Structures are given as structure tokens and as C-alpha cells.
Amino acid sequence: MTDSPFAPAPEQWQRLSSARQAYTDAVSPYYDETLQDVTHRACVSGDIGKADIGALLMWKRLRADTSWAAELMALADADVRRVTAAATIAARDTTLSRSSAAQAGRAALASLPGFRTGDALASAVLTAAAPDRMAVYDRRAHSGLRTLGITLSHAPGRYSRYSRYIGAIDQLLAYAPAPIRNWTARDMDTALYWLNTTT
């Protein structure tokens, strides 16, 4: 037995597994096509441009009628791609732990309008750039961690909230029983996202 907050009780693991299954059952199998298309292009090019950021904005169902969206559109696509290329390299760097790669990738994106605060869109970009390593942040996934008794601080500091989020997912996967331990980080984020939808 362990006292780690990342080792919930058996019924909590079952609830997490049920949430993942419920998400799979409820969400259209075509919903992630947009994310997958952006991922494919990022795999080829090594960066993500304004058009694909717009696609991810729609995929995340975020608002675009904001001042930062206008600021982003006013930048040259080549300049945006230089920033996202640096973030992509960081997120894919297997010499770094996943949480350190998340920290570096998130920091690289911070110079772009729309990426200075908040993690929803930034996490989508990083997940598209490194789908085998990163996960999508969402306030519902954050709430799912809290349901499991895991506190994820919003506080600023050396490590970003996104880095702490990826670290929490890593720890959960490390402690998880089979078959959850074989999930990807993205599998875990969808389970956390759906956790409070199920009873």
C-alpha cells in the first residue's frame, strides 16, 4: 500500500476506467479528426501555423472574437511557425521528462498572443506537436484530478501549471493498475475530462 495521492483507491481507478469508456461511447469517433489532421501536418513540417492554430481553436471550442486573436492574425505565419517549431522540438525532446518537456514547450509558446496565459489552446498545440507525449489541459480535466484527491495548483512559479498537469498524469500512469497503466497521456486526459460526467 502507498500513501501517494497518485494511487487512488481501487474504486477510484474503476471510476476513471469507466469515465474513459463513457467518453469513448459518447463522443463521435470523428471528433478528433481535426486534431489528427493538425498532428499529421506538424509531423511533416515540425511546426504549426496560424491556420492550424485556428483549427485547434475550433476543435477546443474556444472563442476567437478576442483581441489576442486579432494580434495573432497580424503576425507573419513564418514568425508563428518559428515559435511553434521551438515548442515542438521541446515537447518531443525525449532526453527530458514529460513534465520538463511540457514546461519547455509551454514556455516557448508564451511569446505568442493567446498563449501568454491559460493552458487550453497551448496544450492543444503541444499535443498536436507531440501526441505520444503531451495531453490536453481542460478545466474539467483539472476538476477530474481534484475528484481523485490530487491538487493541481494554479500558482505561478518555476514550473507552469501545464507542466504540473503533465507531471500529475505521469504519476497516475506510473501507479495505475493494468490496463490503465498502458494508456497514453491523451487517454488519461479524456478520462479525467469525463470523470465528473459519470456517477
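Key figures
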quantity	calculated
Count - residues of the stretch 103-113 that are surrounded by 21 or more Cβ atoms within 10 Å (Cβ to Cβ), closer than 16 Å to I48 by Cβ and not charged (D, E, K, R)	4
Leading residue by the ranking (farthest from L72 (Cα to Cα)) among those in the stretch 86-100 that are surrounded by 24 or more Cβ atoms within 10 Å (Cβ to Cβ) and of a type in the set (A, V, I, L, M, F, W, C)	A91
Residue tally, condition part of a helix (DSSP H, G or I) and modelled with pLDDT under 95, over the stretch 126-139	1
Subset of the stretch 92-138 (residues that are under 21 Å from W183 (Cα atoms), hydrophobic (A, V, I, L, M, F, W, C) and more than 11 Å from the chain's Cα centre (by Cα))	L96, A101
Conditions (1) free of Cβ contacts under 8 Å to residues at least 60 places away in the same chain; (2) crowded, with 19+ Cβ neighbours inside 10 Å; number of the one not met by T127	(1)
Top-ranked residue in the stretch 140-161 [being in contact with a Leu (Cβ under 8 Å, 6 or more places away or on another chain) and under 30 Å from M73 (Cβ atoms); ranked as modelled with the lowest pLDDT]	R161
Of all residues making up the stretch 100-125, the number that are part of a helix (DSSP H, G or I), closer than 16 Å to D47 by Cα and of a type in the set (S, T, Y)	1
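The values are calculated or read from the model by the stated rules, or taken from the named source; none is laboratory data. Remember, it's a predicted structure, so these values are computed and weren't measured experimentally. Because the Cβ atoms are built from the backbone with ideal geometry, glycine has one as well, and the counts that use them run over all protein chains shown.
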